[in-house]
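What follows is a single structure, written as structure tokens, with notes after it.
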Amino acid sequence: MTIFNDIGRYLLMIKGMFTKPENHKMYWKEFIHQCTEIGFGSLGIVAIISVFIGAVSTIQTAYQLVSPLIPPSTIAQIVRDTVILEFAPTLVCIVLAGVAGSRIASELGNMRVSEQIDALEIMGVNTKTYLILPKIAAALLMIPLLVVIAMALGIWGGRLAGTMSGIISGNIYDKGLLEFFVPYNVIFALTKAYVFSFIISSIPAFYGYYVKGGALEIGRASTKAVVVSCILILFADYILSALLL
Amino acid sequence: MIEVKNIKKSFDGKVVIEDVSAVMKAGQCNLIIGASGSGKTVLQKCIVGLFEPDHGEVLYSGQNFTEMKGEQKTEIRKEIGMLFQGSALFDSLNVEENIMFPLSMFTKDSHKKKLDRVNEVLARVNLTGVNKKYPAELSGGMKKRVALARAIVLNPKYLFCDEPNSGLDPQTSLVIDKLIKEITLEFNMTTVVNTHDMNSVMEIGDYILYMYKGKKEWEGSKKEIIFSKNQLLNEFIFASEFLQDAKDMRMLEETGKIPNHRNMDMLLDKETPPIEDPSGTE
């Protein structure tokens, strides 16, 4: 029964976010702050992960393509499609669920426990609108951008690893990238990124906003938020792949 | 003025507040006192609307707050300032930004005007030169004063303080108590303070409501509390022998006798017994 109770409260929280802001300027300021936190705050880890994912993809694909009948440019095609379709949106978003998601849950949890949310309520501020909506809006803007950056860096990382290890030359890699390119794959990846962004921001916000207790409960809520977000990302990944591909 | 009528609140079937009524007048400090777990914080949260009471009404200047929705409730809340037990300052904002927050959210004043107001309320709580400090850099007493400054920055009609002295030394507690009292009188606010600190009760209490196990056990003024015959109240306020002595001394001064079996001579000539060294050494 707890799960239905949680789903109900989650939906009510989402509904409660959509009220008229008390002061547009303050909400805009909060939105920009969240864009900085979620976007720039996660850029470093996203860049590192993307480059290495691309590099490992190139080496492992080359390792498995042992037939001389398959042209080396195929390595670039496989790396490109794997990075665009799966690694950039899904893996990066799972990492972001840990980085940005835990930050959102612990920030709101700390605000709840230290009565900062109550203080805002007393002032007459709609806390769901002021604290949660800018986070979700910022995630919807910044995470797809991070996914696009991850795509580019992943493909570049594959090229770097390929040329440095002598698996494939730069020219052949570049040629392979242009062969059989399906633009729809990018649209599919961005669709996934938008869905995952909503999960990454709203689920931790829910667990953080409704936390009860002290520091221990904030930690538990943060962990639970990341775990549930990751499971939902993988579930949504499967559903979207089955529906859109 | 705030009127509380037959408030009842329960959590998971457990009744925490039962049939509490009170009238809290403007320009005076109304204290809700009681032991930990007696329901005073829940009562205060029901009054400010953080908890929805199961039954009863809360009236702010005659307007039924419990029946209000959305916008109407927000309008009343703009007239409420609250000092929380843990200060509830926003960690990511400095002192100036914390106090300026309600002004930025609800007024269209220029930055200079807002800054002037911030400095004005900071001066009012006797705190200057801390504008750029973050809450983590402040002492407990300073945090309380900043929170008080934030609570009064919009000139509220109602001021709520939840355990304003918790975690503070007696001297700082006195400073906070005096500030609350002065501000109440200066701005003719209706102030509601939750406390179990008897020093505060005697310092600032104009109207006192004693809660016991979720019910209103006693109400009256600070003068009446000393002479109260309510056994539960007496057990609470004179839990310390020193306070009992203080009460007896006052009774002695005012009436010339102490109406109990305590030894008057011992009270008047009381000496602190020597402390024995448990180790047995000199």
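How about B:K132: which aspartates and glutamates have a C-alpha closer than 15 Å to its C-alpha, ignoring those fewer than 8 places off in the same chain?
Of all the aspartates and glutamates, those that pass the test against B:K132 - Cα under 15 Å, at least 8 places apart if same chain - are B:D91, B:E96, B:E97, B:D116.
Would you mind finding the longest exposed-site-free stretch of chain B, with exposed trypsin sites (Lys or Arg not before Pro) meaning DSSP loop and at most 16 other Cβ atoms within 10 Å?
B:134-212
From a point 7 Å beyond the Cα of A:A152 in the direction of its Cβ, which residues of the range A:41-82 have a backbone N at a distance under 18 Å?
A:41-55, A:80-81
Between A:A47 and B:K213, what FRET efficiency comes out of the Förster formula 1/(1 + (r/R0)^6) with R0 = 45 Å and r the beta carbon distance, rounded to 0.05?
Computed FRET efficiency for B:K213 and A:A47: 0.15.
Running Debye on the range B:20-66 with equal point scatterers at the Cα sites and no solvent, what base-10 log of I(q)/I(0) appears at q = 0.27 Å⁻¹?
-1.21
Take peptide A:112-119, look around each residue's Cβ out to 10 angstrom, count Cβ atoms belonging to other protein chains, and average those counts.
Other-chain Cβ atoms within 10 Å of each residue's Cβ, averaged: 6.
Which net charge results for the neighbourhood of B:Y60, defined as the other residues with beta-carbon distances under 11 angstrom from its beta-carbon, given Lys and Arg at +1 and Asp and Glu at -1?
After counting each charged neighbour, the total is -1.
Under 8 Å for C-alpha pairs, at least 6 residues apart: give me the relative contact order for the range B:80-236, rounded to a whole percent.
Once normalised by length, the contact order is 23 percent.
Taking N as the number of residues in the range B:78-117, what is its alpha-carbon radius of gyration divided by 2.2 N^0.38 Å?
1.23
What full-extension length gain, to one decimal in nm, is calculated for B:K223 and B:H55 as 0.36 nm per residue of separation minus the Cα-Cα distance?
Fully extending the segment from B:K223 to B:H55 adds 57.3 nm.
Return the distance in nm (one decimal) between the two label points of a simple spin-label model at A:Y210 and A:I70, each offset 7 Å from Cα along Cα→Cβ.
If labels sit at A:Y210 and A:I70, their model points lie 4.8 nm apart.
Does the range A:168-245 come out rounded, prolate or oblate by the C-alpha gyration tensor, with a ≥ b ≥ c the root eigenvalues, rounded set by a/c under 1.5 and, if not, prolate when a/b is larger than b/c and oblate if not?
Prolate.
Quick one, what does Rg over Rh come out to for the protein assembly as shown if you take C-alpha atoms and the Kirkwood Rh?
With Rh from the inverse mean 1/r over Cα pairs, Rg/Rh is 1.14.
Rounded to a whole number, what is D in µm²/s for the range B:2-228 from Stokes-Einstein with the Kirkwood radius over alpha-carbon pairs (25 °C, 0.890 mPa s)?
136
Taking only Cα atoms and a 10 Å spring cutoff, compute GNM fluctuations for chain B and point out the largest among B:F236, B:F106, B:F65.
Largest GNM mean-square fluctuation: B:F106.
Can you tell me how much longer the chain between B:S10 and B:D245 gets when fully stretched, taken as 0.36 nm per residue apart minus their C-alpha distance, in nm with one decimal?
Extending this stretch completely gives an extra 80.8 nm.
Just want to confirm a number: the relative contact order over chain A, from Cα pairs under 8 angstrom separated by 6+ residues, in percent.
For chain A, the relative contact order is 34 percent.
Modelling each spin label as a point 7 Å along the Cα-to-Cβ direction, I'd like the A:F4/B:L174 distance in nm, to one decimal.
Result for the modelled spin labels: 6.0 nm.
Hey, fewest Cβ within 10 Å first, where do B:T172, B:T184, B:T128, B:T195 land in order?
Going from sparsest to densest Cβ surroundings: B:T128, B:T172, B:T184, B:T195.
Looking only at other chains, what is the average number of their beta-carbon atoms within 10 angstrom of each beta-carbon in B:88-99?
The shielding value for this peptide is 2.
What number, in percent, do you get for the relative contact order of chain B if the mean sequence gap of Cα pairs under 8 Å and at least 6 apart is divided by its residue count?
24
Is the shape of the range A:98-226 rounded, prolate or oblate, going by the alpha carbon gyration tensor and its root eigenvalues a ≥ b ≥ c, with a/c under 1.5 for rounded and a/b larger than b/c for prolate?
prolate
In terms of the Cα gyration tensor, with a ≥ b ≥ c the square roots of its eigenvalues, is the range A:6-64 rounded because a/c is under 1.5, prolate because a/b exceeds b/c, or oblate?
In terms of gyration-tensor shape, oblate.
Average projected area of the Cα convex hull of the range A:1-155, in nm²?
Mean shadow area of the hull around the Cα atoms is 12.1 nm².
Å³ per residue of the Cα convex hull, for the range A:23-244?
130
Determine the percent antiparallel among the DSSP beta bridges restricted to the protein assembly as shown, to the nearest 5.
Just about 50 percent of them are antiparallel.
Okay, helix-only estimate at 222 nm for the protein assembly as shown: each DSSP H run of n ≥ 4 adds -39500 (n - 2.57), divide by all residues, round to 500 deg cm²/dmol; what do you get?
It comes out at -18000 deg cm²/dmol, rounded to the nearest 500.
Where both residues lie in the range B:2-228, what percent of DSSP beta bridges are antiparallel, nearest 5?
Restricted to the range B:2-228, the bridges split so that about 50 percent are antiparallel.
Read-outs: derived from the displayed coordinates by stated rules, not from any lab. Note that this is a predicted model, so its numbers are computed, not measured. Here Cβ is always computed from backbone atoms with ideal geometry, including for glycine, and neighbour counts include all displayed protein chains.
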